[in-house]
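Take a look at the structure below.
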Amino acid sequence: MQKDKEVFDIIKKELERQRTGIELIASENFTSLQVMQAMGNVMTNKYAEGYPGRRYYGGCEFVDETEQLAIDRIKQVFKCDYANVQPHSGAQANAALMLAILKPGDKILGLDLSMGGHLTHGSPVNFSGKLYDAHFYGVEKETGLVNYKQMEEVAEKEKPKLIICGASAYSREWDYKRIRTIADGAGAFVMADIAHPAGLIATELLDSPFEYCHFVTSTTHKTLRGPRGGIILMGKDFENPFGLKDMKGNARMMSNLIDMAVFPGTQGGPLEHVIAAKAIAFGEILTDDFTIYSKQVLQNAQAMATAFVKKDYHIISGGTDNHLMLIDLRNKNISGKKAQETLDKAHITLNKNAVPYDDKSPFVTSGIRVGVPAITTRGMKENDMETVVDLIDRILMDIDSSTILEKVQGEVKDLMGQYPLYPELD
Ligand code: DSN
C-alpha cells in the first residue's frame with residue numbers, strides 16, 4: 001500500500017510515545033486493537049443521515065446492522081430503554097440533549113467548572129453558557145464534597161429547567177436520589193453526565209444514575225475504553241412534557257425529540273465507522289474481562305491515593321471512590337502548570353487542574369488530576385501504583401534537577417517496557 005510517509009512517521013512517533021510513557025490523564029485509555037482497527041474501516045465512506053431503518057440515503061443496510069448492534073449492546077450494558085450512539089463526542093451529546101429539552105435562555109444548573117465541572121455544563125465560553133442562563137453549585141471548602149445544600153438553594157431560587165450532575169475532576173460518588181428530590185422540588189429535569197465513571201457504573205462498581213436521572217450522557221473513550229465518541233441514554237422513555245404532537249395527533253416520545261436533536265438538530269452524517277467500533281467496545285464491556293479490568297481500576301486508584309497521602313500530598317476530599325484523584329499542590333509549593341510540564345519531560349503524562357477555591361489562574365492552577373484507567377489497561381497493579389507515585393514524587397520534590405529528571409526518564413522507560421502496548425503493530 002502506498003502510504004503518506006510524512007504522516008505515518010508522525011503516527012509511529014505517537015505510538016512510541018504512548019508505549020514508553022506513563023499515561024495518567026484521567027480521561028484517556030487504550031482501546032483494544034479490534035476497536036482501533038474497526039475505526040479504519042470502509043464505513044467511513046458511507047453517508048447515513050437518519051437512523052437504522054429510516055435513512056435519507058440508499059445502501060445503508062450494513063451500517064444499519066452495526067448501528068443497531070451498538071444500540072442494543074449499550075442498552076444491555078446499562079440495562080436502559082433508550083440509546084442514541086451517534087454523538088461524535090461527549091460535548092455533542094450534551095449539546096443535543098440540551099437542544100431537545102431547552103429553549104435558548106432557559107435556566108440550567110451545573111457544577112462550576114472551577115470546582116471540577118465541565119465546559120458543557122454552563123461555562124460562559126461554551127455553547128451551554130452562551131445559549132442558556134447558567135447557574136452553578138460547587139463543592140464544600142472543608143470537605144471537597146458536592147454542596148447539595150447549595151444545589152438545593154440555587155434550584156429553589158432559580159427554578160432551572162435542567163440540573164446537571166457529573167464532573168471531569170470529582171473523585172466521589174453522586175447522590176442521584178437527593179439530586180432528583182431537589183429537581184422535583186424545582187420542576188427540573190436531571191441529566192447525569194457520566195463521561196468519566198461510565199465504565200465503573202456499567203460494571204456496577206459505582207451507583208447507577210438511571211433510576212433517578214431522566215437523561216444520561218457519556219463519552220465512550222474514557223473508562224468505557226471504546227473509540228472516541230458520545231452517547232445519550234434514558235433508563236425509561238417518556239411522553240414529552242411539552243405537549244408536542246406528531247401528525248397523527250399522538251404525544252411525542254422523548255426519545256424521538258432526542259433523536260431529532262442529534263440529527264438533524266446538531267449533527268449531519270453519523271460516523272458509521274466509529275459506530276462500528278463502538279459496537280465492538282460495547283460487546284467488550286459485556287465480558288467478564290471488562291469487569292475484572294474495572295475492579296482493578298478501582299483497586300489501583302485506591303492504592304495510588306494511599307501512596308500519595310503517605311507522601312503528604314493533599315487529595316481533594318481526602319481520597320477517591322472512582323478512577324481519579326485531584327491533588328492540591330499548594331503545600332508542596334508547586335503550581336499545576338510546572339508539575340505537568342516537568343513530569344511531561346519524564347514521560348509521565350497528566351494534566352494541571354484547578355482545585356476548588358483555587359487562587360491561581362486556569363492556565364497555571366494549583367493542582368494536578370491523576371487517573372488510572374490507561375495504566376490499568378497496560379496491566380499495572382497496586383504495587384506499580386506505589387512505584388508511579390514514587391517517580392512523580394522524586395520529580396516534584398526536586399523539580400529543577402536535571403539529574404533526577406534523567407534518572408526518572410530511564411526508570412519510566414524500563415517500567416513501561418514491562419507492559420507492552422499494541423505489539424501486533426510492529
Ligand atoms: N477533556 C475531558 C477530560 O479530560 O475530562 C472532558 O471533556
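FYI, it's all coordinate maths here, none of it is from the lab. Remember, it's a predicted structure, so these values are computed and weren't measured experimentally. As a convention, Cβ positions derive from the backbone with ideal geometry for all residues, glycine included, and neighbour counts pool all protein chains shown.
For region 135-275, rounded, prolate or oblate, judged on the Cα gyration tensor with a ≥ b ≥ c (square roots of eigenvalues), a/c < 1.5 rounded, else prolate if a/b > b/c? Because a/c hits 1.5 or more and a/b fails to exceed b/c, region 135-275 counts as oblate. Among Thr266, Thr120, Thr291, sorting on how many other beta-carbon atoms sit within 10 Å of each Cβ, with the fewest leading, yields Thr291, Thr266, Thr120. Can you list, bin by bin at 20 Å, the percent of alpha carbon pairs in the chain, starting at 0? In order of increasing distance, the bins hold 25, 56, 18, 0 percent.
Only beta bridges with both residues in the chain are counted; by DSSP, about 60 percent of them are antiparallel. Rounded, prolate or oblate: pick one for region 60-211, where a ≥ b ≥ c are the square roots of the eigenvalues of its C-alpha gyration tensor, a/c under 1.5 means rounded, and failing that, prolate if a/b is larger than b/c, else oblate. Prolate shape, in that a/c is at least 1.5 and a/b is the bigger ratio. For region 143-172, backbone nitrogen atoms closer than 20 Å to the point 7 Å from Lys103 Cα along Cα-to-C-beta are found at 158-163.
For Val190, the residues 5 or more places off, or on other chains, whose built amide H falls under 5 Å of its own are Ile163, His214, Phe215.
Using the charge dipole of region 276-324 (Lys, Arg: +1 at Cβ; Asp, Glu: -1 at Cβ; taken about the Cα centre), state which of Gln299, Val309, Ala279 has its Cα farthest towards the positive end. Farthest towards the positive end: Val309. The slack between Asp359 and Glu16, meaning 0.36 nm per residue of separation minus the straight C-alpha distance, is 119.8 nm.
From helices alone, the chain scores -12500 deg cm²/dmol at 222 nm; the rule is -39500 (n - 2.57) for each run of n ≥ 4 DSSP H residues, then divide by the residue total. With a simple spin-label model that places each label point 7 Å from the Cα along the Cα-to-Cβ direction, the separation between Thr181 and Lys413 comes to 5.7 nm.
Let me see the P(r) profile for region 1-145: every Cα-Cα distance counted, bins of 5 Å, each bin given as a percent of all pairs. Each 5 Å bin holds this share of Cα pairs: 2, 7, 10, 13, 14, 14, 16, 13, 7, 3, 1, 0. Taken along the Cα-to-beta-carbon direction at a fixed 7 Å, the label points for Thr291 and Lys381 span 2.1 nm. For the pair Lys245 and Asp426, the difference between a 0.36 nm per residue extended length and the Cα-Cα distance amounts to 59.5 nm. Measuring between alpha carbons in the structure, the pairs from Lys12/Lys337; Lys103/Lys149; Lys12/Lys278; Lys75/Lys337; Lys103/Lys177; Lys12/Lys352 lying more than 31 angstrom apart are Lys75/Lys337.
So if we plug the beta-carbon distance of Asp237 and Lys130 into 1/(1 + (r/R0)^6) with R0 = 22 Å, what FRET efficiency do we get, rounded to 0.05? Approximately 0.15, to the nearest 0.05. Note: relative contact order over region 149-218, using C-alpha pairs below 8 Å and six or more positions apart, is 34 percent. Note on the chain: with charges restricted to the Cβ of Lys and Arg (+1) and Asp and Glu (-1), its dipole about the Cα centre is near 640 debye.
Cα centroid separation, region 207-237 to region 67-108: 8 Å.
Just checking the listed ones, Gly90, Gly144, Gly243: in the Gaussian network model of the chain with Cα springs under 10 Å, the one fluctuating most is Gly243. Rounded to the nearest 0.05, the FRET efficiency derived from the C-beta distance between Glu211 and Arg394 at R0 = 41 Å is 0.35.
Summarised in one figure, the compactness ratio Rg/Rh of region 216-326, Cα atoms and Kirkwood Rh, is 1.14.
Based on other C-beta atoms within 10 Å, arrange Phe127, Phe308 from fewest to most.
In order of increasing Cβ crowding within 10 Å: Phe127, Phe308.
Kirkwood hydrodynamic radius of region 323-411, from the reciprocal of the average inverse Cα-Cα distance over all distinct pairs: 13.5 Å.
Tell me, in nm to one decimal, what length is gained between Glu156 and Glu406 on full extension, where the rule is 0.36 nm per residue of separation less the Cα-Cα distance?
84.4 nm
Return the FRET efficiency for the residue pair Thr44, Gln76: r is the Cβ-Cβ distance, R0 is 22 Å, and the value is rounded to the nearest 0.05. Intermediate results must be reported in sequence, preceding the final value.
Details: r = 26 Å, r/R0 = 1.19.
Efficiency at R0 = 22 Å is approximately 0.25.
Its Kirkwood hydrodynamic radius, worked out from the mean inverse distance over all distinct Cα pairs, puts region 151-208 at 12.1 Å. Among Val154, Val372, the order by Cβ neighbours within 10 angstrom, fewest to most, reads Val154, Val372.
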